[in-house]
Amino acid sequence: MKKLLAMLIALVMVLSFAACGNEPEGEAAGSVYWLNFKPESDEVLKDLAAKYTEATGVEVKIETAASGTYNETLTAEMDKSEAPTIFVVGNQAAVDTWGDYCLDLTGTAIADELNTDAYMLYDADGKLCSIGYCYECYGIIVNNALLNEAGYDASEITNFESLKAIAEDITARSEELGFGAFTSNAMDASSSWRYTGHMINLEYYYEYADDPEAWANGTACAPELTGAYMDNFKALYDLAVTNSIVDRKELANGGFDAQAEFAEGKAVFYVQGSWEAGGLEGRGVDLSNLTMIPYYCGVEGEEKAGLNCGTENYWAINGNASEEDIQATIDFMVWLVTDPEASEAAVGTFGVMPYKSAAVSTNPFLAQANAYLGDGCYNMAWITNFQPNVDAYRAAAVSAMNDYNADPTDANWETVVTAFIDGWATQYAAANG
């Protein structure tokens, strides 16, 4: 009788666990170490890791690289005996560097959960090295209420000419209005990527659009740039820094909090991306009051421009990890994109995840990106992902831009052009031999 009772209890426990739907299936055989690329997601990911460990007994370690230091951190961590089992291989240049470490994700349970093949990176031999875990958009975020207070509506901004006229008028009346046009545009490590990695994409994208074959139709890095749209980059960058609430000569020092400035209603325009939604909402901002507009820069036909949409957030699994750790890592990743509560939290910090069972995004900026596309606007693809030797390349650009901000002469602008255009060819050669 006791034996029968024990068997019945065991059966009830098994059935109860099975009824839990998407509960994680992993056992505490291996462990997971995720070297996270996104500092703004650190707290959410650590909370999810703790919940998974509590449910399964599998240890999940989350380490987050400081902003702008991911490559150096990854290099250091990969040399350790307990190296990351999940890391980011976010562009083709990274595939060239880290491809040998990447597990072939073809046919894995996590790759099978994707709802698109748009975010997959392969090496030269056709190995699936990394898969997107979120995609994002960036442009210029607009505070509609402040813009209305200044006498304008976002629908009036359709090109660079209209953006410039409105920004300059707000600057001219800033004392009367009580707010300025643009937030600070700091060039320290916590912020410079908004310009050397994001705004510069307008130069890359339009070169790509002119000659997609030079980029193997978006699958390979062009060995050199023409610089044909650097004047357009200059126009938009100058507009942002000359109509900012912070003097451009102070930008090199950093220490500014553009998100706080925007949340506190100090400026109408904020050069940023969809990932800011959670942070702004956390500061009490009504997201329904915000709009994101494209990088208008004076290019012909830009009235049909959309937002910059893409990703550099690609998961790779360390193929050198033990079989137990690899399996534990895949199990954890599948749980993250299929469990309703886990995926809701992950989507909350990432914005959107391209997986069949992931929670639906409520990010308004991504909805606006889709609305632009629905209106027949073109997507400004993330050609910036092809930047060769990205850290050295951007560092040279930051240095040149700081010199230009300190003394905005034509001669100093030429050093910016040299850093971005000649620097591309130099770093491409260094990366490719």
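The values are calculated or read from the model by the stated rules, or taken from the named source; none is laboratory data. This one's a predicted model, so the numbers in the text were calculated from it and none came from an experiment. No Cβ is skipped: glycine too gets one built from the backbone with ideal geometry, and neighbour counts run over all protein chains shown.
Which members of segment 367-395 meet the condition of being surrounded by fewer than 22 Cβ atoms within 10 Å (Cβ to Cβ) and in a helix (DSSP H, G or I)? Outline the logic, then answer.
Going through segment 367-395, the residues surrounded by fewer than 22 Cβ atoms within 10 Å (Cβ to Cβ) turn out to be 367-368, 370-371, 373-379, 381, 386, 389, 391-392, 395.
Passing the criteria: ALA367, GLN368, ASN370, ALA371, LEU373, GLY374, PHE386, ASP391, ALA392, ALA395.
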For this session: Could you look through segment 160-183, keep only residues that are assigned to a loop (DSSP other than H, G, I, E, B) and out of contact with any Leu (no Cβ under 7 Å at 6 or more places or on another chain), and pick out the one that is farthest from CYS297 (Cα to Cα)?
Result: GLY178
Exercise. Of the residues that make up segment 173-182, is at least one crowded, with 23+ Cβ neighbours inside 10 Å, in the same structural domain as GLY68 (by TED's automatic domain parsing) and in contact (Cβ under 8 Å) with a residue 24 or more places away in the chain?
Worked result: no
For this session: Considering only segment 137-177, state which residues are farther than 22 Å from GLY284 by Cα and of a type in the set (Asp, Glu).
Result: ASP153, GLU156, GLU161, GLU168, ASP169, GLU175, GLU176
Exercise. Do we find a residue being touching a strand residue (DSSP E or B) at 6+ places or on another chain (Cβ under 6 Å), at pLDDT 95 or above and under 30 Å from ALA430 (Cα atoms) anywhere in segment 304-311?
Worked result: yes
For this session: Name the one entry in ILE141, ILE62 that is surrounded by 20 or more Cβ atoms within 10 Å (Cβ to Cβ) and within 16 Å of THR329 (Cα to Cα).
Result: ILE62
Exercise. What single numbered condition from (1) out of contact with any helix residue (DSSP H, G or I) (no Cβ under 7 Å at 6 or more places or on another chain); (2) surrounded by 15 or more Cβ atoms within 10 Å (Cβ to Cβ); (3) of a type in the set (Val, Ile, Thr) fails to hold for THR219?
Worked result: (2)
Seminar exercise, completed: Exactly one of GLU281, GLU203 is closer than 19 Å to GLY139 by Cα, in the same structural domain as GLU302 (by TED's automatic domain parsing) and at pLDDT below 95, and that one is GLU281
Exercise. Yes or no: GLY301 surrounded by fewer than 24 Cβ atoms within 10 Å (Cβ to Cβ) and without any contact (Cβ under 8 Å) to a residue 60 or more places away in the chain?
Worked result: yes
For this session: Pull up segment 146-172, narrow it to residues that are among the acidic types (Asp, Glu) and in contact (Cβ under 8 Å) with a residue 40 or more places away in the chain, then point me to the one that is surrounded by the most Cβ atoms within 10 Å (Cβ to Cβ).
Result: GLU168
Problem set entry | Among the candidates ALA111, ALA94, residue that is of a type in the set (Gly, Ala, Ser), surrounded by fewer than 22 Cβ atoms within 10 Å (Cβ to Cβ) and not assigned by TED's automatic domain parsing to the domain that holds PHE269 | ALA111
Exercise. With respect to the numbered conditions (1) at pLDDT below 95; (2) over 19 Å from the mean Cα position of the chain (by Cα); (3) assigned by TED's automatic domain parsing to the domain that holds ALA83, which one is the sole condition not fulfilled by ALA371?
Worked result: (3)
Seminar exercise, completed: Of the residues in segment 288-303, those that are in a loop (DSSP other than H, G, I, E, B) and touching a strand residue (DSSP E or B) at 6+ places or on another chain (Cβ under 8 Å) come to PRO294, TYR295, TYR296, VAL299
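Rundown of residues vs (1) in contact with a helix residue (DSSP H, G or I) (Cβ under 6 Å, 6 or more places away or on another chain); (2) without any contact (Cβ under 8 Å) to a residue 12 or more places away in the chain; (3) among the hydroxyl-bearing types (Ser, Thr, Tyr); (4) under 22 Å from ASP117 (Cα atoms), yes/no style:
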{"residue": "GLY348", "(1), (2), (3), (4)": "no, no, no, no"}
{"residue": "PRO354", "(1), (2), (3), (4)": "no, no, no, yes"}
{"residue": "ALA369", "(1), (2), (3), (4)": "no, no, no, yes"}
{"residue": "THR384", "(1), (2), (3), (4)": "yes, no, yes, yes"}
{"residue": "ALA400", "(1), (2), (3), (4)": "yes, no, no, no"}
{"residue": "ASP410", "(1), (2), (3), (4)": "no, yes, no, no"}
{"residue": "VAL417", "(1), (2), (3), (4)": "yes, no, no, no"}
Exercise. Would segment 262-281 turn up any residue that is without any contact (Cβ under 8 Å) to a residue 60 or more places away in the chain, within 12 Å of ASN363 (Cα to Cα) and among the charged types (D, E, K, R)?
Worked result: yes
Exercise. Which one is surrounded by the most Cβ atoms within 10 Å (Cβ to Cβ), of the residues in segment 260-278 that are touching a helix residue (DSSP H, G or I) at 6+ places or on another chain (Cβ under 8 Å) and more than 16 Å from GLU136 (Cβ to Cβ)?
Worked result: VAL268
Exercise. Can TYR270 be described as within 22 Å of the chain's Cα centre (by Cα), closer than 19 Å to TYR152 by Cβ and modelled with pLDDT of 95 or more?
Worked result: yes
Exercise. Among ALA316, ALA328, ALA345, which is modelled with pLDDT of 95 or more, farther than 30 Å from ASP153 by Cβ and assigned to a strand (DSSP E or B)?
Worked result: ALA316
For this session: Check every one of the helices (runs of 4 or more DSSP H) wholly within segment 191-287 and list those with 3 or more residues that are closer than 26 Å to GLU43 by Cβ and not polar (S, T, N, Q).
Result: 258-263, 276-282
